[in-house]
Amino acid sequence: MTKVRVVFVVVLMAISSLASAQETMKKGDKAWTELEATLRDANLKWLCQGKYYKPKRQDCVDLRAKYWDDQFFEMNPGASGTQTKAQMVEGQTAGAKTYPDVVRGEGPNPTEFTLMAVYNNGTFAMAVDHTSFKIRLNAQGQPDFEHVSPFNKTDHWYLDETGKLAVVREVTYARVFVKKNGEWRPAVGASSPRAPSK
């Protein structure tokens, strides 16, 4: 009976220490808000948006190859399905050879970034965002499907808030980040189609 009590106490202590380790921050507190801002910035970085814009597609592919965690993978509906980091870098490099130039704001544009959960003593975080895929317009003011991946071709599109780009697809993304050597890095992305906003 004493052994059972000792085991019970040890298990109880382990559970309570794990629980307290998971509660290092709570939604809405300062640490949570700061981490959400940090991860929002990390999200923009790996998508090469905002201050991280790169006019050459290969430059963005190279940044991602260094920035993504080594075990990074992404899940998307359709033909691409689940891809490893190596598969994504290979496919994006091939795309960059065909479509080398990117106009500012073109590509995936995340908004409504929300930190949803933090685990493992604050080194593993999960978030969601609303991502709109945007492409440039041609001289006729239509989406320039000739200079972007065929994956972005659609019959339904609308102008973004600038009036200079066409929104051709919208998704909800689940984003997973891991903290390694003091830096937050993208670890997983998974998208779910979303009805067009307009």
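The values are calculated or read from the model by the stated rules, or taken from the named source; none is laboratory data. Values in this document were obtained by computation on a predicted structure and should not be read as measured data. Here the Cβ positions follow ideal geometry from the backbone for every residue, glycine too, while neighbour counts run over all protein chains shown. We work out accessible area using only protein heavy atoms, side chains counted, and drop any ligands, DNA or RNA first. Shrake-Rupley method; radii C 1.70, N 1.55, O 1.52, S 1.80 Å.
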Evaluate segment 130-198: find the radius of gyration of its Cα atoms, find its Kirkwood radius, and give the ratio Rg to Rh.
1.11
So the angle from the long Cα axis of helix 2-22 to the longest Cα principal axis of the chain, reported in degrees to the nearest 10, equals 30
Which of the lysines could a cross-linker span from residue 30 if the Cα-Cα distance has to be under 20 Å and same-chain partners fewer than 8 positions apart are dropped?
179
Ratio Rg/Rh, restricted to the chain and using Cα atoms, in which Rh is the Kirkwood radius
1.10
Distance in nm between residue 192 and residue 58 label points, each 7 Å along Cα→Cβ, equals 3.8
For the chain, the charge dipole (Cβ of Lys, Arg +1; Cβ of Asp, Glu -1; about the Cα centre) points to a positive end, and the Cα of 135, 115, 181 closest to that extreme belongs to 181
Below 21 Å, Cα to Cα, which lysines can residue 51 reach? Residues fewer than 8 away in the same chain don't count.
66, 134, 164
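Roughly how many Å² is the accessible area per residue of segment 39-198, as a whole number, for a 1.4 Å probe? All intermediate terms of the calculation are to be shown ahead of the outcome.
On the way: 8350 Å² over 160 residues.
Ligands and nucleic acids excluded, the result is 52 Å² per residue.
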Any idea what angle helix 30-46 forms with the longest principal axis of the chain, computed on alpha-carbon atoms, 0 to 90 degrees, nearest 10?
40
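Roughly how big is segment 82-193's charge dipole about its Cα centre, with Cβ charges of +1 (Lys, Arg) and -1 (Asp, Glu), in debye to the nearest 20?
Working: 12 positive and 12 negative charges, 85 e Å.
Dipole of segment 82-193, to the nearest 20 debye: 400 debye.
What's the carbon and sulfur percent of the chain's accessible surface, probe 1.4 angstrom, rounded to a whole number? The partial results should precede the final answer.
Working: 6780 of 11510 Å².
Its accessible area is 59 percent carbon and sulfur atoms.
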Note: probe point = Cα of residue 31 + 7 Å toward Cβ; backbone nitrogen < 20 Å; residues of segment 165-185 passing the test are 177-185
For the chain, find the longest principal axis of its Cα atoms and tell me its angle to the long axis of helix 85-98, 0 to 90°, nearest 10.
10
For segment 87-145, convex hull of alpha carbons as volume per residue, Å³
124
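Is there a quick way to get the dipole size of the chain? I mean about its Cα centre, with the Cβ of Lys and Arg at +1 and of Asp and Glu at -1; what is the value in debye to the nearest 20?
On the way: 27 positive and 22 negative charges, 82 e Å.
Magnitude of the dipole: close to 400 debye.
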Stretch residue 172-residue 67 to full length: gain in nm at 0.36 nm per residue minus the Cα-Cα span?
35.6 nm
What is the log10 of I(q)/I(0) for segment 59-114, computed with the Debye formula using one identical point scatterer on each Cα and no solvent, at q = 0.13, 0.29 Å⁻¹?
-0.39, -1.26
